[in-house]
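Asks: Starting off with a structure, shown below.
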Amino acid sequence: MNFEFSKDQLILRDGIRRFVDERYSFESRRQRVKSKSTGTDRAMWAQIAELGWLAVLIPEEHGGLGWSIADACVMFQELGRGLVSEPIMDSALLAVRILTRADSVSARLLLPKIATGEVFISVALGEAGLRYEQKGLSTRAIPIEGGYKLTGKKILVAGGDVADRLIVSAGTDSELALFDVLAISDGVERRAYRLLDGQWAVDVTFKDVVLPHESLIIGSQTTEILDRAIDEAALGCSAEAIGCMDRVLEITAEYLRSRQQFGRALADFQVLQHRIADLFIETEMARSAFHSALSAIDSPVATRQAAVSAARVRIDQAAHKVGNQGVHLHGGMGMAMEYPIGHYYRRLIMLARAYGDTEHHLERYERLKIRA
Amino acid sequence: MNFEFSKDQLILRDGIRRFVDERYSFESRRQRVKSKSTGTDRAMWAQIAELGWLAVLIPEEHGGLGWSIADACVMFQELGRGLVSEPIMDSALLAVRILTRADSVSARLLLPKIATGEVFISVALGEAGLRYEQKGLSTRAIPIEGGYKLTGKKILVAGGDVADRLIVSAGTDSELALFDVLAISDGVERRAYRLLDGQWAVDVTFKDVVLPHESLIIGSQTTEILDRAIDEAALGCSAEAIGCMDRVLEITAEYLRSRQQFGRALADFQVLQHRIADLFIETEMARSAFHSALSAIDSPVATRQAAVSAARVRIDQAAHKVGNQGVHLHGGMGMAMEYPIGHYYRRLIMLARAYGDTEHHLERYERLKIRA
Amino acid sequence: MNLTIPIELERFRIEVREFVRAALPTDIACRQREGWPPTETDLRRWFGILAAQGWSQPDWPKEHGGTGWDPLQSYIFEDECAAADAPHLSWRAGSSLVGPVIYTFGSNAQKARYLPKILTGEELWCQGFSEPNSGSDLASLRTSAVRDGDEFVVNGQKIWTSEAHIANLIFALVRTDRDAKPQRGISCLAIEIESPGVTVRPISTIDNGRHVNEVFFNDVRVPAGNLIGELNKGWTYAKFLLGNERHSNALVQRTKREIRKLRDLAGQTSFGERFIDKPAFRRSLAQLEIDTNALEWAVIRAACTHGALGGRDMAFASGLKVVGSELQQRVADLQLEVLGPWVSPEFLEPEEGAWHGTFRPAEVPVDVPGTMTKALFRRAATIYGGANEIQRGIIWRSAFGGN
Amino acid sequence: MNLTIPIELERFRIEVREFVRAALPTDIACRQREGWPPTETDLRRWFGILAAQGWSQPDWPKEHGGTGWDPLQSYIFEDECAAADAPHLSWRAGSSLVGPVIYTFGSNAQKARYLPKILTGEELWCQGFSEPNSGSDLASLRTSAVRDGDEFVVNGQKIWTSEAHIANLIFALVRTDRDAKPQRGISCLAIEIESPGVTVRPISTIDNGRHVNEVFFNDVRVPAGNLIGELNKGWTYAKFLLGNERHSNALVQRTKREIRKLRDLAGQTSFGERFIDKPAFRRSLAQLEIDTNALEWAVIRAACTHGALGGRDMAFASGLKVVGSELQQRVADLQLEVLGPWVSPEFLEPEEGAWHGTFRPAEVPVDVPGTMTKALFRRAATIYGGANEIQRGIIWRSAFGGN
């Protein structure tokens, strides 16, 4: 067993770090976040595509790099560290894993275009009144002559404001299915808003949207395929959270060293030293939980689910603690959006709940491991 | 409202403190605990009776002082502080509250003798396989010509090794009932052992013990009466735990001030100062929880039960934390029985579970307040 | 020891309850219930209503225009205000804490000048304490006031000044003697925010709220008569004020109200699952109620025994601050747990009487935006009013005589 | 990064499992399963069995008679021993940690004299480090060794010496230069416990166990050849030894075993309620398993990357000690929760092969006495091997370069 990054992974990581330094600094981020009227930045997206991040998980035969989930997680960890708030997870991981396993050939043909950024794809799974499972969807796709008629509402679709296409989950007669929907179609209405971390999302209404047959991406065993892709995305979020936490620790320790109170540096106070030590422990235990899940990501379903849920619980709890204490240890500065810490805090709030929150994963773990 | 001790309460408290200083010092306690072969000390019991502690809750018409539960709790708090490990709670509170509410005249006639120490009475409720409720008792009292025939086993009867009489819970045909049983009778067998806090207890076997009619203390509404008495005893244990915690804080702070490490007193280390501050907070919150329950002890049953359970949860959690941290902050000394801290630790373990542990009280609180 | 609540107090509670419920405007209560801070207008309206009733300063003695209530009555008043979703008074009104300093240490002229307008709400005050490099270490402050004839000339900067943007006056700690020991060279000045040379700049906070500000003083000329109390005694007055604050910022009445809201949220079906149906949630809720109940009785004890616990008084007050702030955060965290995916959007405080529509998702349940925003702001609870680490230090020093 | 477990390692695990299960005497396993520490006889028996197999020192290199396993193999070996209820080796055998000091810093004569008997178990060692006034502050130790001809004369006292009552030798830190800086005047001596002038006095602990002792040295004459390594270099050797200890005392394999026991207890009906039927318990158990799993992967990472994390290595090892000790206590606390009223009796360790009958209640379920006793002893986990506060200080200093 080997816990160190491979050479390729190190190159990927260093490239991201350079990009962040040059084009995604905290100052530029603040400017972007301050301008309330803009949405997801397609120009930025083109740069991201150019750097190859969107191609990481796409199989080589579809124009991608065909790397592993572990590789992708190296990327997400670094994106977390750099606080890159772009809807990369949904596009480059979730959508890609769905499309790679698609029944329809036309769906798989989208992959090369995603890799180049030519097609921007978002994933629309959430609904008001649902939490983290695709049970009891109110969005329906009714078979009609020549295809389907799609009706329903989706919420919190990251990057949906500029997406060309949406992958939409809907109930058909019998089963869950996933459809490929053009974002600009008759009957599709989007309403954009900003998220806590500066990303943009939309609520989408589908009103009798007519879809051709080939828009059906996956129509059987959808739950299994989707569950797996979501577990992979959940793990990606863990990696991102770990990257965030690493950075929170650095900037918080640095803050404590630089700030004077009562005639000496805050870092000289033993309680604050030990608090940092506790956060270090949290972060390292989170990283180990992540390793545990990563080693099981290709295991049979029950093993995979238990491992991912165990990791998410541990990591999400760490994310809460590190985020909260990061703010607290910055004192008043922790509350001000002028400092990076508040931005990390907000990002960690979202990451700790992405694709399932602590309660969701604790319940799943219990169901699989304690009741069993 | 008034949170200060009354003059009478202060006299009671100071009397106990004097007694502890003179006749119940830590050194004498250690000697007593070391001699493994002796049991409950009747001579000590006679002194306790003489001091009036057994009479506190006995109504004046039965030769007692007729004081309130609040008064009794002042006593128990001080006994906790002084680490007086004698079965006073069962005799002076639980037995007294049961007998005071007895149907039978002969039972009530025992009260003056309890006050003087002439009769030593223990309470036998527990059974193997039961936790803290009197449901599903295997001890049975079958009506026979002239009385009852008692069969069954009781465990963990505090002071039962020297008791003259036992109050025994048993199922009759229809209901729960309480009986007054002579400890030395045909068919009664006791087996003594020591408890963690140095007290003694017995397991008792009743084998076809023949009881006269008048041995029935309470035969109807027993559950209500017993539940109330147990709640009062649970509250008494809380007071005792608070007394223990107050003292643990004092001796631990004193230890930190006296012990040198790395060239300065342990008390100079900020993390240890703050740990003590946290334990101070725990103890004060426990005291407030106690006040809350005390104010509701005579309320209607559901209110009383919820208040007592809320208090017990808060106090028991504090007792765990203060006990554990008290040991930890003493370092190696915390593990050695040569120091008082280990003795307080053991006592707190027992008090935090007496008449119901945290889980029991959380469940009861939930049932009454969250489901409702 | 007598822990039964006297019947007069129960009657008092009912009197307060009836008044508050009748007098509190519905729109103000609605906004509060959804989790939004009151607007300036709302705050002034509610303050005015209470002032008309003579209840605008529940902690002040009668002779200075307060209610003359005892601490337990004040406690009950705030409990009923919280239960009725009235805005939290002392939250925005630094005034409540400044008043006692003025009537205890100020001149008669100052009392006459300032107190009536605090009571009517015509003038709001903010507290100018913290500075960029003196957070919890207040004594290191550097804003200076130099005597020049009948005036002080003030230069420097305050930070984290709550509500400076709506206040009329700032109660500023300023350094008036550079050569004395840090604590000995500090004085208190009342400075009108409108004075030339005062600039108020908002600080954008993680909840997008408008709570705190930077306040800059650039050659601000303040009449010498605005010196509160004696020259160079400001440290004493600040400690007096902060001691009162520590007592009141457990905010347990507000936490009780938030627990009711949590129960409401947990009973709703709009979040995909009723959290009240989950055993783990019920357990967390039970524990939260139990802990809050203990804190409530501790606050009541503090109210009834103030001064009677001797050296432990201050330790006890610090303990209330620590537990109170932690419980505020716990209830907020549990509320967020119920909201689930809806924690993600960035919500903006609605304008005067209206929803801010632009950024709000169409489908979001009505309770969410305010709840989420308030929860973000709750992170400040363990920081302000003396960070919890400062409080633990106070506990050690004052209850265990350590160094 | 490659986190799949290689097939050879799986094979190795099965080999170990089969050997341990076949070779471990049932009575030793029984006693361990009930929660009692092994008796001296049992310990020596089991040690002998492993020695015959060549497995008595899994962490030592082959050249010194160890197994030559890599750290991951050692990890798996201990995992299988724990699962099979074999006694914990390094727990009683200070020897495992003393050995590396001897083969790294000792003379050839010392290696020849001491190592073989450690390997066979013929000689057990204890560690004489702590003294009455130097717990975590080891460098302040005062036991002195004065050179007198070919001997050292040792005077002083050690405390908290685990297993001194069964050990043959004590590996003692002694002060050999009073004038040097505290760390520079310390040396290591191997002292035979039977030497005239050595007195071992047991310390009675809160679990009634026989774990730790005071060891007194009164003009004890020790041959100069018993000096391990160089004079006044003892501090270096002690740090080397403690560094190894910190790595191994997370005891996560034992915690995994205790979790299985907890599940067993929770499934029993003899405690009045099956705790596994309670949602709150299931939640606690899930959380405990999740946290233990994270620790296990951290321990594996430490085994695989030892030395590769640079300055963070030491911080990481300290983190393992903190989490490991806290989990040991958490699993013990949950076990006690299941026992309910049965926590109250005072249990005594059974004699060689038998129950101690006198004080045991008749009705107590068989698992209770050992479980309870072990849980009491677990309170020491956050104290020994460097209290957790010491570990947090190490983390800060070594990972954040603070002072």
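Computed from the coordinates by the stated procedures, all read-outs in this text should not be read as laboratory data. Note that the coordinates shown come from a computational prediction; the quantities given were computed from them, not determined experimentally. For neighbour counting, all protein chains shown are included, and Cβ atoms are generated from backbone atoms with ideal geometry for every residue, glycine included.
Asks: Output the direction-averaged projected area (hull surface divided by four) of the convex hull of the alpha-carbon atoms of the stretch A:270-320, in nm².
Replies: Over every viewing direction, the Cα hull of the stretch A:270-320 projects on average to 3.2 nm².
Asks: Quick one: with label points 7 Å out along Cα→Cβ, list the inter-copy distances for A:Arg42 in nm, shortest first?
Replies: For A:Arg42, the other copies' label points sit at 9.8 nm, shortest first.
Asks: Specify which residue in the list D:Ala298, D:Leu262, B:Gly63 is farthest towards the positive end of the charge dipole of the protein assembly as shown, using unit charges on the beta carbon of Lys, Arg (+1) and Asp, Glu (-1), about the Cα centre.
Replies: Going by the charge dipole, the pick is D:Ala298.
Asks: For the rotation that superimposes chain D on chain C, which residue of D has the C-beta lying nearest to the axis, and at what distance in Å?
Replies: Output: D:Pro279, 2.
Asks: Could you list A:Thr252, B:Thr222, D:Thr26 so that the one with the fewest beta carbons within 10 Å of its beta carbon is first and the one with the most is last?
Replies: So the residues, fewest neighbours to most, are D:Thr26, B:Thr222, A:Thr252.
Asks: Measuring from centroid to centroid over Cα atoms, what is the spacing of the stretch D:64-107 and the stretch C:105-119 in Å?
Replies: 78
Asks: Now, a different point. Run through all the Cα pairs of the stretch D:1-122 and give the fraction in each 5 Å bin from 0, expressed as whole percent.
Replies: In order of increasing distance, the bins hold 2, 11, 20, 22, 18, 13, 8, 4, 1, 0 percent.
Asks: Please report, to one decimal in angstroms, the Kirkwood hydrodynamic radius of the stretch A:121-220 built from all distinct Cα-Cα pairs.
Replies: Evaluated over the stretch A:121-220, this radius sits at 13.4 Å.
Asks: Within 10 Å of each Cβ in D:277-288, how many Cβ atoms from other chains are there, averaged over the peptide?
Replies: 6
Asks: With 19 Å as the cut-off, how large is the P(r) tail for the stretch A:37-105, expressed as percent of Cα-Cα pairs?
Replies: Summing the P(r) of the stretch A:37-105 above 19 Å gives 33 percent of all pairs.
Asks: Another question, then. Per residue, how big is the convex hull around the C-alpha atoms of the stretch D:88-174? Give it to me in cubic angstrom, could you?
Replies: 115
Asks: Something else: Assign unit charges at the C-beta atoms only (+1 for Lys and Arg, -1 for Asp and Glu), then state the dipole size of the stretch D:14-61 relative to its Cα centre in Debye, rounded to the nearest 20.
Replies: Roughly 80 debye for the stretch D:14-61.
Asks: Also, quick follow-up: Quick one: dipole size for the stretch C:180-298, taken about the Cα centre, charges +1 on Lys/Arg Cβ and -1 on Asp/Glu Cβ, in debye to the nearest 20.
Replies: 340
Asks: Here's a follow-up. Could you tell me which residue out of A:Gly236, A:Met350, A:Gly332 lies farthest along the dipole of the stretch A:223-371 toward its positive end? Charges go on the beta carbon: Lys and Arg +1, Asp and Glu -1, centred on the Cα centre.
Replies: Highest projection toward the positive end goes to A:Gly332.
Asks: Got the relative contact order for chain C handy, in percent, Cα pairs under 8 Å and 6 or more residues apart?
Replies: 15
Asks: Same structure, new question: Using only alpha-carbon positions, what ratio does the radius of gyration of chain A give when scaled by 2.2 N^0.38 Å?
Replies: 1.00
Asks: Once you wrap a convex hull around the alpha carbon atoms of the stretch A:295-361, what is its projected area averaged over all directions, in nm²?
Replies: Its average projected convex-hull area is 4.9 nm².
Asks: Give the separation of the Cα centroids, the stretch B:81-122 to the stretch A:115-158, in Å.
Replies: 72
Asks: Mind scanning C:Lys117/C:Lys233; A:Lys321/D:Lys321; A:Lys34/A:Lys207; B:Lys113/B:Lys135 and naming the pairs with a C-alpha gap bigger than 28 Å?
Replies: A:Lys34/A:Lys207; B:Lys113/B:Lys135
Asks: Let me ask another. Please name which of A:Phe5, D:Leu251, D:Thr143 has its Cα lying farthest along the dipole of the protein assembly as shown towards the positive end, using unit charges on Cβ (Lys, Arg +1; Asp, Glu -1) and the Cα centre as origin.
Replies: Value: D:Thr143.
Asks: Another question about this same structure. Remind me, relative contact order of the stretch C:125-232 in percent, using alpha carbon pairs under 8 angstrom and six or more residues apart?
Replies: 30
Asks: How large is the translational diffusion coefficient of the protein assembly as shown in µm² per second when you combine the Kirkwood radius over alpha carbon pairs with Stokes-Einstein at 10 °C and 1.306 mPa s?
Replies: The Stokes-Einstein estimate is 44 µm²/s.
Asks: Can I ask one more? Which whole-Hz ³J(HN,Hα) couplings does the stretch A:112-121 yield from phi under the Karplus relation 6.51 cos²θ - 1.76 cosθ + 1.60, θ = phi - 60°, glycine and proline marked x?
Replies: Result, ordered by residue: x, 6, 5, 4, 7, x, 5, 10, 9, 10 Hz.
Asks: What's the average, rounded to a whole number, of partner chain beta-carbon atoms within 10 Å of each residue's beta-carbon in D:386-397?
Replies: 5
Asks: Rounded, prolate or oblate: which fits the stretch C:125-232 when a ≥ b ≥ c are the square roots of the eigenvalues of the alpha-carbon gyration tensor, with rounded for a/c under 1.5 and prolate only if a/b beats b/c?
Replies: Oblate, because a/c is 1.5 or more while a/b does not exceed b/c.
Asks: Report the charge-dipole magnitude of chain C in Debye, nearest 20, computed about the Cα centre from +1 at each Lys and Arg Cβ and -1 at each Asp and Glu Cβ.
Replies: Using only the charged Cβ atoms, the result is roughly 860 debye.
Asks: If you average 1/r across every pair of different Cα atoms in the stretch A:194-263 and take the reciprocal, what Kirkwood value do you get, in Å?
Replies: The Cα-based Kirkwood calculation yields 17.3 Å.
Asks: Another question about this same structure. Scan around A:Ala124 for amide H atoms under 5 Å from its own, H built in the peptide plane at 1.01 Å from N, and keep only partners 5 or more places away or cross-chain.
Replies: Answer set, sorted by chain and number: A:Ile167, A:Val168, A:Ser169.
Asks: A further question on this structure: Between the stretch D:175-253 and the stretch B:283-336, what is the C-alpha centre distance in whole Å?
Replies: 42
Asks: While we're looking at this one, here's another question. Per 10 Å bin, what is the whole-percent P(r) computed from every C-alpha pair distance within the stretch A:223-371?
Replies: Spelled out bin by bin, the stretch A:223-371 gives 12, 39, 27, 15, 6, 1, 0 percent.
Asks: Which whole-number percentage describes the relative contact order of chain A, with Cα contacts under 8 Å and a sequence gap of 6 or more?
Replies: Worked out over chain A, it gives 15 percent.
Asks: Dimensions of the stretch C:249-400 along principal axes (Cα, Å, largest first)?
Replies: That works out to 56, 36, 25 Å along the principal axes.
Asks: While we're looking at this one, here's another question. List the aspartates and glutamates whose alpha-carbon lies under 14 Å from that of C:Lys239, not counting same-chain residues fewer than 8 positions away?
Replies: Cα-Cα hits under 14 Å: C:Asp137.
Asks: Restricted to Cα positions, what overall size does chain D have along the principal axes? Three whole-Å values, descending.
Replies: 70, 57, 46
Asks: Using alpha carbon coordinates only, what is the Rg to Rh ratio of the stretch A:232-280, with Rh defined as the Kirkwood radius?
Replies: 1.18
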